[in-house]
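**Student:** My questions all concern the structure below.
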Amino acid sequence: MPTIKENTDLYKEFQKNFPDKLTRHCVNSKFFQNDSIVFHKFCDSATTLILTSKEYNFYIFKVKAFEVGNYLLFNTHDQTIYSTSNYPLILDNGKTVFDIGYAYGGFKTAKYYRFNDKKTEYFNFSIPPNYSLKDFKIIDDKNRKKIVVDIITYQLKKSEPGSKFDYENDVNDYCRKFLLID
């Protein structure tokens, strides 16, 4: 995993424009949680928030804490924090955020936030544990981004004698599914 490095100039800019909303160890802001916006205020010296980049209207913070390594996205338009498990894909000039990959607990996830003037659309899909995330593609359909997620699972077969495992994946017997996130 690459080393996460803080962008100190961007951190100074963020603190100037949004003082004390997010600091190295504290959150004091609106937070999107379970399809609603709540206010979070907490500090924890064991948690470090590292401002790594800014894409469109989002400042992107890496969370470093015990068993947690997600990302917090501070949206400058509504001054609300959104969370992703993986580095976010921010598309449509900041109107769409995709999060595809691994989540806490070893699960795989595919989720998105879509922002419009009236509300935030949110979708979260946990990929069943017996499936592997094979790939995903971004599709531009009439100026709106969509994602196709490719997942696969294999049947098990008895291993050859002398193998260190009793069973292995049968690469000729599998189920592959494509999910369209629109």
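The values are calculated or read from the model by the stated rules, or taken from the named source; none is laboratory data. Treat the numbers as computed from the prediction; the structure is a model and nothing was measured. With ideal geometry, Cβ positions are generated from the backbone for all residues, glycine too; neighbour counts draw on all protein chains shown. Surface accessibility is based on the protein's heavy atoms, side chains included, excluding ligands, DNA and RNA. Shrake-Rupley method; radii C 1.70, N 1.55, O 1.52, S 1.80 Å.
**Student:** Would you mind checking which residues have amide H under 5 Å from Ala103's amide H? H placed 1.01 Å from N; only 5 or more apart, or other chain.
**Tutor:** Residues meeting the amide H criterion: Lys108, Thr109.
**Student:** A further question on this structure: Return a whole-number percent for the relative contact order of the chain, with Cα pairs under 8 Å and 6 or more residues apart as the contact set.
**Tutor:** The normalised contact order for the chain reaches 10 percent.
**Student:** Comparing Lys16, Lys158, Lys62, which has the greatest mean-square fluctuation in the GNM of the chain with Cα pairs linked when under 10 Å apart?
**Tutor:** Lys158
**Student:** Further question: Taking all protein chains together and a probe of 1.4 Å, list His77, His25 from the most accessible to the least accessible.
**Tutor:** His77, His25
**Student:** Around Thr153, what is the net charge, scoring Lys/Arg as +1 and Asp/Glu as -1 over all other residues with Cβ under 15 Å from its Cβ?
**Tutor:** Overall, the nearby charge balance is 0.
**Student:** In addition: Report, in degrees rounded to the nearest 10, the 0 to 90 angle that the Cα long axis of helix 8-17 makes with the longest principal axis of the chain.
**Tutor:** With rounding to tens, the tilt is 50 degrees.
**Student:** May I have the convex hull volume per residue, in Å³, for the Cα set of the chain?
**Tutor:** For the chain, the hull spanned by Cα atoms encloses 147 Å³ per residue.
**Student:** Could you give the dipole magnitude of region 73-178 about its Cα centre, charging the beta-carbon of Lys and Arg +1 and that of Asp and Glu -1, in debye to the nearest 20?
**Tutor:** 300
**Student:** Please give me the summed charge of the neighbours of Lys30: other residues whose Cβ is under 12 Å from its Cβ, Lys and Arg +1, Asp and Glu -1.
**Tutor:** +1
**Student:** Heavy atoms only, 1.4 Å probe, whole protein assembly: order Thr84, Thr23 by accessible area, highest first. Could the numbers behind the result be given before it?
**Tutor:** Details: Thr84 0, Thr23 30 Å².
Accessible-area ranking of Thr84, Thr23, largest first: Thr23, Thr84.
**Student:** Given a 1.4 Å probe, how much area per residue of region 1-56 is accessible, in Å²?
**Tutor:** For region 1-56, the solvent-accessible area averages 68 Å² per residue.
**Student:** Might you tell me the accessible area per residue for region 79-129, computed with a 1.4 Å probe and given in Å²? Display every interim value, and only then the final one.
**Tutor:** Numbers: 2500 Å² over 51 residues.
The answer is 49 Å² per residue.
**Student:** Given a 1.4 Å probe and every protein chain left where it sits, what share in percent of the accessible area of the chain is carbon and sulfur?
**Tutor:** In the chain, the share of accessible area belonging to carbon and sulfur is 51 percent.
**Student:** For the residue pair Asp9 and Lys118, what label-to-label distance in nm results when each label sits 7 Å from Cα along the Cα-to-beta-carbon direction?
**Tutor:** Rounded to a tenth, the inter-label distance reads 4.2 nm.
**Student:** Sticking with this one: Which of rounded, prolate, oblate describes region 111-182, given a ≥ b ≥ c as roots of the alpha-carbon gyration tensor eigenvalues and a/c under 1.5 marking rounded, otherwise prolate only if a/b is larger than b/c?
**Tutor:** Prolate.
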